[in-house]
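One structure below.
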Amino acid sequence: MTSLVFITHPEVVIDPDQPIPEWPLNTVGRARMERFAGVLADRDVSAVYASTERKAMDGAAIVAERLGLSYATDEDLGENDRSATGYIAPPEFWDVVREFFGRPHESIRGWERAVDAQARIVNAIGRILREDETAGDIIVVSHGAVGCLLTAHLQKVAIGQESRPSHPGGGCFIVIDRDSFTLTQDWRTIEDGFAA
């Protein structure tokens, strides 16, 4: 069985003076991705994809370099569009995120609606599964909120009722069967590795 491994990027450099899509991975995030790239080296990985946001591309580059592959980008793998507000500092940010998941058919403060972000990410993953011509595992480095929306689709539950990544800094992953587009492993941290 071959899989698509959907990874949420780990810790980033939070810089309110820079657009959020341009934030890179920080030292901790890079180290965590490097360790996980070592784990992925034990699998038959044949393709790597990332959103067009810097933090996801940083993660994909680390994995691709370790595996001797290149990586492709797809803007539809991006995080939910929050450009209407830009950076919002915690704890207010987490209040807005709760509203985003709690009222998925509404635009919260001008953000992309959760239902629209979900359709976009599901379509993007489905397109990769259909069009990628390689034979091994596919790695996708993306973002936390859209990962949750993808999980809701895979678990066939309402947005907001899905299982969630457990690590506050990101760096979590799910595993999807390439042939059936079904969830085969729920969220684990990259330190936990793959289920036996």
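Just a few scattered comments:
- Once the convex hull of all Cα atoms in the stretch 1-50 is built, its volume per residue stands at 77 Å³.
- For the stretch 1-71, accessible area per residue (1.4 Å probe, heavy atoms of protein chains only), Å²: 46
- Rounded FRET efficiency, nearest 0.05, which uses the C-beta distance separating VAL13 from ALA84 and R0 of 30 Å: 0.85
- Computed label-point distance, nm, for sites ALA72 and ARG130 using a 7 Å Cα→Cβ extension: 1.3
- Given charges at beta-carbon only (K, R positive; D, E negative), |dipole| of the stretch 1-71 in Debye: 220
- Net charge of Cβ neighbours under 14 Å - reference GLY110; Lys, Arg +1; Asp, Glu -1: -1
- Evaluated with a Cβ-only charge set (Lys, Arg +1; Asp, Glu -1), the chain carries a dipole of roughly 320 debye about its Cα centre, given to the nearest 20.
- Surface composition of the chain: carbon plus sulfur atoms hold 49% of the accessible area, using a 1.4 angstrom probe and ignoring ligands, DNA and RNA.
- Each label was represented as a point 7 Å from its Cα along the Cα-to-Cβ direction; for GLU99 and ASN123 these points are 2.6 nm apart.
- When both bridge partners sit in the chain, DSSP labels roughly 45% of those beta bridges antiparallel.
The values are calculated or read from the model by the stated rules, or taken from the named source; none is laboratory data. Treat the numbers as computed from the prediction; the structure is a model and nothing was measured. A quick note on method: Cβ atoms are made from the backbone with ideal geometry, for glycine too, and the neighbour counts reach across all protein chains shown. Only protein heavy atoms, including side chains, enter the accessible area calculation; ligands, DNA and RNA are left aside. Shrake-Rupley method; radii C 1.70, N 1.55, O 1.52, S 1.80 Å.
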